[in-house]
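Below is one structure, written out as structure tokens; comments come after it.
The values are calculated or read from the model by the stated rules, or taken from the named source; none is laboratory data. Worth saying up front: this structure is predicted, and the values here are computed from it rather than measured. Glycine gets a Cβ as well: all are built from the backbone with ideal geometry, and neighbour counts include every protein chain shown.
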């Protein structure tokens, strides 16, 4: 039975006090959803410690949005995986489309980040997905396959068992466009096939999250698909009621 996961990527939103209030709201409403659904919140680095405190005693877990490719040293402005682990993080988002697009993250960089994440006992949420041009050209399968082969295929079998994949149709993030549930299932099933070509039966246990404009109104339809194991949520994660409402999609 694969994990059911609803992870909230807050991106560059909320000040520390606002983040704490949001986290408390998620904790307060968490009981409305089956314990079989795992909730993760990923605030900005600046308030990871305060949000960790707000989550204490709850089953809501903490993640970071990124980490450095190096363990420590003269890397001004970077945040090491060991630092976020020390604050209580369990997860780290890696390879988000915005990191690839705006900050030029490559597979080479992401392989180094993967090493740091696993060395510090964290679980990566590794993002793959195509932009609008790639989708319209029919290259979405090839793009996802390449992003997996160049990074995930370098993991050991043990590391792979502690991995979450997030599929992001980049053309559906913040645009109001949403992939249909059928489109989501098609690409998720394909991703699982690619994973199985390297890791065999273990691919059946790897959670694959959908990361494109998921909201309470469409979560149930998307989550009903066989190979969709939850969501990596952006805008809707900034309201506790909406975030929990997406989790309720598993109960519909």
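Can you tell me which of (1) over 30 Å from residue 15 (Cα atoms); (2) modelled with pLDDT of 95 or more; (3) more than 15 Å from the chain's Cα centre (by Cα); (4) buried (at least 22 other Cβ atoms within 10 Å of the Cβ) is the one residue 152 doesn't meet?
Condition not satisfied by residue 152: (3).
Does segment 32-41 contain any residue that is within 17 Å of residue 66 (Cα to Cα), touching a residue at least 12 places away in the same chain (Cβ under 8 Å) and within 18 Å of the chain's Cα centre (by Cα)? Outline the logic, then answer.
Of the residues in segment 32-41, the ones within 17 Å of residue 66 (Cα to Cα) are 40-41.
Still in the list and also touching a residue at least 12 places away in the same chain (Cβ under 8 Å): 40-41.
Going one step further and asking which of them are within 18 Å of the chain's Cα centre (by Cα), we end up with 40-41.
Yes, because at least one residue in segment 32-41 is within 17 Å of residue 66 (Cα to Cα), touching a residue at least 12 places away in the same chain (Cβ under 8 Å) and within 18 Å of the chain's Cα centre (by Cα).
Return the total of residues in segment 116-144 being part of a helix (DSSP H, G or I) and surrounded by 17 or more Cβ atoms within 10 Å (Cβ to Cβ).
If we filter segment 116-144 for residues that are part of a helix (DSSP H, G or I), which is where we start, we get 116-119, 132-136, 140-144.
Narrowing the set further to residues that are surrounded by 17 or more Cβ atoms within 10 Å (Cβ to Cβ) leaves 116-118, 134-135, 140, 143-144.
So the answer is 8.
If I filter segment 20-27 for residues that are free of Cβ contacts under 8 Å to residues at least 12 places away in the same chain, assigned to a loop (DSSP other than H, G, I, E, B) and either out of contact with any strand residue (DSSP E or B) (no Cβ under 9 Å at 6 or more places or on another chain) or within 19 Å of residue 236 (Cα to Cα) (or both), do I get at least one hit? I'd like the intermediate steps shown before the answer.
Within segment 20-27, the subset free of Cβ contacts under 8 Å to residues at least 12 places away in the same chain is 21.
Applying the additional criterion that residues be assigned to a loop (DSSP other than H, G, I, E, B) yields none.
No: zero hits.
Looking at segment 56-91 only, could you name the residues that are under 24 Å from residue 17 (Cβ atoms) and either in contact with a helix residue (DSSP H, G or I) (Cβ under 6 Å, 6 or more places away or on another chain) or modelled with pLDDT under 95 (or both)?
Scanning segment 56-91 gives 58, 60, 62, 64, 79, 87, 88.
Kindly provide the set of residues from segment 82-115 that are in contact with a strand residue (DSSP E or B) (Cβ under 9 Å, 6 or more places away or on another chain), touching a residue at least 40 places away in the same chain (Cβ under 8 Å) and over 29 Å from residue 183 (Cβ atoms), ordered by number.
Matches in segment 82-115: 88, 89, 90.
Farther than 16 Å from residue 239 by Cβ, without any contact (Cβ under 8 Å) to a residue 40 or more places away in the chain and in a helix (DSSP H, G or I), is that true of residue 75?
On the way: farther than 16 Å from residue 239 by Cβ: yes; without any contact (Cβ under 8 Å) to a residue 40 or more places away in the chain: yes; in a helix (DSSP H, G or I): no.
No.
Grab the helices (runs of 4 or more DSSP H) fully contained in segment 157-252, keeping just those with 3 or more residues being more than 18 Å from the chain's Cα centre (by Cα) and either touching a residue at least 40 places away in the same chain (Cβ under 8 Å) or surrounded by fewer than 18 Cβ atoms within 10 Å (Cβ to Cβ) (or both).
Result: 181-199, 216-223.
Could you tell me whether segment 215-224 includes any residue that is modelled with pLDDT under 95, in contact with a helix residue (DSSP H, G or I) (Cβ under 6 Å, 6 or more places away or on another chain) and closer than 26 Å to residue 21 by Cα?
Looking through segment 215-224, at least one residue is modelled with pLDDT under 95, in contact with a helix residue (DSSP H, G or I) (Cβ under 6 Å, 6 or more places away or on another chain) and closer than 26 Å to residue 21 by Cα.
Look through segment 49-63, keep the residues that are more than 18 Å from residue 234 (Cβ to Cβ) and surrounded by 20 or more Cβ atoms within 10 Å (Cβ to Cβ), and return whichever of them is nearest to the chain's Cα centre (by Cα).
Among those residues, the one meeting the criterion is 55.
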